[in-house]
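This report refers to the structure that appears directly beneath it.
The values are calculated or read from the model by the stated rules, or taken from the named source; none is laboratory data. All of these numbers come straight from a predicted model, not from anything done at the bench. In this analysis, Cβ positions are derived from the backbone assuming ideal geometry, glycine residues included, and neighbour counts consider all displayed protein chains. All accessible areas refer to the heavy atoms of the entire protein, side chains included, with ligands and DNA or RNA removed. Shrake-Rupley method; radii C 1.70, N 1.55, O 1.52, S 1.80 Å.
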Amino acid sequence: MTMNDARLPESERDPELDRLYAAAAREEPPAALDDAIRAAARREVSARPRAARLRAWYVPVSVAAMIVVSASLVLLMREEGADRLEPETFERAQPPASAATEAPQPAAPARDVDAAKTGEAPAVEREARAVAPSQKPAAPAGQAPAPPAGASQERLQEPEAAARSREEQAAAPAFAPRRDTPDRISRGVAEDASGAAPTVAPLARQASRSRLMAASPRLLDGAVAQELKHLASEPPARWRERIETLRRGGRSEVAEVLVAEYRRRFPGEPVPEKADP
Amino acid sequence: MPRDAEPSDEELMSLYRDGDAAAFDTLYARHRGGVYRYLLRQCRDAATAEELFQDVWMNLIRARARYTVRAKFTTYLYHLAHNRLIDHFRRHDPRVAVSLEEEGVEAAAVQNGAEDPAPAPEEALDDRRRAARLLELVAQLPAPQREAFLLQQEGGLTVEAIARATGVTRETAKSRLRYAMSKLREGMRA
């Protein structure tokens, strides 16, 4: 062998070698082997047609699933993010304690609407109004109804009350409020007020009441939870009695939350009606 | 029927991957002889060649779902055959397996020199005898050079495709092929 041989152009194919090799190379695999391989190839195709079809859907289905999961996560995180903002947002929405006790409730529904739109009215007041505007007629202008003193006092003790509330929630599992943000509550009230004031539709009233109830641990501090703890195993009559007592004592916000819970627990029982002032 | 009008090997394999068993039959008919002879010339035993041949095609069948067109189908097919051959030689003749896997051309040349028998000159060989002589010379080639030659003859592979199928550099494949052809020419002239 010489180096010249090794430097032959790579494209060169020796026609004589090709011809001779083609003439010589005639061996073929046995027919039985051919049949076995072809049969195996057919078996493989028929054994996995469904898998192949499914494989065609893997990518689009996976992408769709990812989009759904991602969207759900984003929505969930957004909601949880709003809840985390709740304390400071709530603080901003809260009026001073003195305002809660001293400021008269707005008398006219029109004012209510304006206040809700502008966000001037305290959140608690707006919620209270949204609970039962038809049950509780608006007070005449200039006449201040009994302020929810208990609620505002308890609001001042919020850290302690919140801890108590957590314990009481654990003690009363039937009452599991959803933690709405004050922002959302305000928005709900504004919608109620702008949509149906002065006579709020029953459905909207119910929704508003639910929101209030959901927010009650913060709005009414530990008072509601305390009441629920005492009433947890009591019969409906005892509930009605306690609600009346609370109303007479001027703690109408707590009473209304209890009424909502009473309705939920005892749907067949008569609902304690609110006495006229 | 001109070959241009027929589906390419890659198209047939893609059809088979998607469930067309008839496409496999066509593909198999095209390449069964070449793959079988490639294996037979390398292992030099019909029974072993048949076993390896079946394994190669079964591997192809099992891997059909993962097939994507990245190179010529013949490169892919003979790469499977080459790998199966290496596995076989690792068990039965590690020396040959090493020679097929290693890159060096010089080693092959040395081996070539050691194995190169003195050609038996005959004055008038008819085609049949000359063809038989060629097969003898092919059998006497070092395994890497023989493989390169067989891939060119049976698979129709280019130097680049031979390099890809055997996992060596283009230069190595080129040198192996040159040495093989050179040696065969010399042997036939002798």
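Every residue, every condition in (1) modelled with pLDDT under 90; (2) surrounded by fewer than 13 Cβ atoms within 10 Å (Cβ to Cβ); (3) more than 14 Å from chain A (Cβ to nearest Cβ), yes or no:
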position	(1), (2), (3)
B:21	no, no, no
B:26	no, no, no
B:32	no, no, no
B:54	no, no, no
B:95	yes, yes, yes
B:99	yes, no, yes
B:112	yes, no, no
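Please list, ordered by residue number, the helices (runs of 4 or more DSSP H) wholly in the stretch A:1-108 having 1 or more residues that are within 14 Å of another protein chain (Cβ to nearest Cβ) and either modelled with pLDDT of 60 or more or on the phi < 0 side of the Ramachandran plot (or both).
The helices (runs of 4 or more DSSP H) meeting that bar are A:3-6, A:15-24, A:31-47, A:49-84.
Evaluate the stretch B:66-74: report whether one residue or more is assigned to a helix (DSSP H, G or I) and either touching a Pro at 6+ places or on another chain (Cβ under 7 Å) or under 20 Å from residue B:154 (Cα atoms) (or both).
Within the stretch B:66-74, one or more residues are assigned to a helix (DSSP H, G or I) and either touching a Pro at 6+ places or on another chain (Cβ under 7 Å) or under 20 Å from residue B:154 (Cα atoms) (or both).
Going through the stretch B:154-170 one residue at a time, which ones are at the interface with chain A (Cβ under 10 Å from one of its Cβ atoms) and without any contact (Cβ under 8 Å) to a residue 12 or more places away in the chain?
Within the stretch B:154-170, B:158, B:170 qualify.
Quick one: in the stretch B:9-19, of everything that is open to solvent by less than 40 Å² (accessible area, probe 1.4 Å) and out of contact with any Phe, Trp or Tyr (no Cβ under 6 Å at 6 or more places or on another chain), which residue is nearest to residue B:74 (Cα to Cα)?
Only one residue tops the list, namely B:12.
Of the residues B:80, B:39, only one is open to solvent by 10 Å² or more (accessible area, probe 1.4 Å), under 16 Å from residue B:150 (Cβ atoms), assigned to a helix (DSSP H, G or I) and at pLDDT 85 or above; which?
Going through B:80, B:39 in turn, the sole match is B:80.
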